[in-house]
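Below is one structure, written out as structure tokens; the observations come after it.
The values are calculated or read from the model by the stated rules, or taken from the named source; none is laboratory data. Note that the structure is a prediction, hence the values are computed from the model and not measured. Because the Cβ atoms are built from the backbone with ideal geometry, glycine has one as well, and the counts that use them run over all protein chains shown. Accessible surface areas use protein heavy atoms only, side chains included; no ligands, DNA or RNA. Shrake-Rupley method; radii C 1.70, N 1.55, O 1.52, S 1.80 Å.
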Amino acid sequence: MSIKRINTLCVHGEKDNNNSTGAITVPVYQSATFAHPGVGQTTGYDYSRLQNPTREALEKTIALLENGTDAMAFSTGMAAMAVLCELFSPGDQIIATNDLYGGSVRFLNNVVKKNGVAVDYLDTGDIESLKKKILPNTKAVLVETPSNPMMQLTDIAAVSVVCKEKNILLIVDNTFLTPVYQKPLELGADIVLHSGTKYLGGHNDTLAGFLVTNNIELSEKLRFLCKTIGACLAPWDCYLILRGIKTLAIRMERITDNARKIARWLGSRSKVRSVRYAGESGMISFETDTAETARKVLSGVRIILYAESLGGVESLITYPILQTHADVPEDARESLGINDRLLRLSVGIEDVDDLIADLEAVLE
Ligand SMILES: *Cc1c(COP(=O)(O)O)cnc(C)c1O
């Protein structure tokens, strides 16, 4: 029987190939290398940079969740991004959503461009502008939807039609919605990128990144880069992410429930000018009336923690202008609306009334 429903997939995922003990949990195979049974023979594992049984179980689970044929686990989301960008060569061009995660912008502007790959940004939600930006050397469109932190939406299926017509790769960063709410490969994307540090892990206790694809040729190219570059996820961290995934679907349910109530409540506050929320998952950006109010919120909240990152069981609040988007050029930031009044909240699984009371005390 093949399991398709996300609640069951999260709990049962992919089993350990080597399990003869009946263990319910995939063990941590803390081994760098594996003995060969004979000359020219292999158990299927040779050296952990290439593959490790704990990582393999995690990768297969992620592939199942995203409905891909292959997934690769990296030490961080940025490591996944770095390996991904090795698909491109000097002279190529990448088109990216103008409101990407700040670390991705820093990577594209400082590393990818230095390596001779042109990067152009635009609102990928605007299909007509996107079509006009495509050049003969365009090799990929990189989309984040909803975007970070402005929650702009891109229609993945519509962009995919354009990309397929022009033979361009469509890459989607699915960190914010997770496969619980969005499966980009089913909408026509070629590669899905994740910061597993966020919702997939879900407990703010480790870092991880993923690339997922349903294209055999891409999977071979990426696997080659993976083993060559060596930015792979260590066995213990694979175990932590596997454990986190068991509760992914139920966490997302509670987080969405909390976030909807908080977004509605924020919208009714006189000191809140605007609220941006995609309707699912736990990311809310809101603009306060003044920079003083924004700072008061950051220093005054007690349950919600003023900390970078997102997607965990703990609610976190960040100041994009000083944190995630500090390295985004100021004019780009301003034109997107990332100013000194904008706050980004990652809603956790606490009691929603406690979270609202925490915000109410600093927004009075
Ligand atoms: C955090 C994040 C990344 C980078 O992932 P790390 O695990 O921090 O390296 C990439 N994209 C998005 C949308 C993120 O939120």
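Per the listing T213, T178, the residue uniquely at positive phi and of a type outside the set (G, A, S) is T178. Listed conditions (1) modelled with pLDDT under 95; (2) crowded, with 23+ Cβ neighbours inside 10 Å; (3) more than 21 Å from the chain's Cα centre (by Cα) are all met by N52, apart from (1). Filter region 52-96 down to residues that are part of a helix (DSSP H, G or I) and among the β-branched types (V, I, T) and give me whichever is farthest from P27 (Cα to Cα). Among those that are part of a helix (DSSP H, G or I) and among the β-branched types (V, I, T), it is V83.
Residue check: A234 meets all listed conditions (1) more than 18 Å from the chain's Cα centre (by Cα); (2) more than 30 Å from L50 (Cβ to Cβ); (3) open to solvent by less than 70 Å² (accessible area, probe 1.4 Å) but one, namely (2).
Yes or no, residue by residue, for (1) touching a helix residue (DSSP H, G or I) at 6+ places or on another chain (Cβ under 6 Å); (2) buried (at least 16 other Cβ atoms within 10 Å of the Cβ):
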| site | (1), (2) |
| --- | --- |
| I216 | no, no |
| L225 | yes, yes |
| R260 | no, yes |
| S274 | no, no |
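For region 97-119, taking the residues that are open to solvent by less than 30 Å² (accessible area, probe 1.4 Å) and within 12 Å of the ligand (Cβ to nearest atom), the one that is nearest to D190 (Cα to Cα) is identified as T97.
Of all the listed residues (E287, E280), the sole one being buried (at least 16 other Cβ atoms within 10 Å of the Cβ), under 24 Å from E360 (Cβ atoms) and not basic (K, R) is E287.
Among residues of region 185-197 that are at positive phi, those with a beta-carbon under 9 Å from a residue that is assigned to a strand (DSSP E or B) and away from the ligand (no atom under 12 Å from the Cβ) at least six positions away or on a different chain give the pairs G188/L170.
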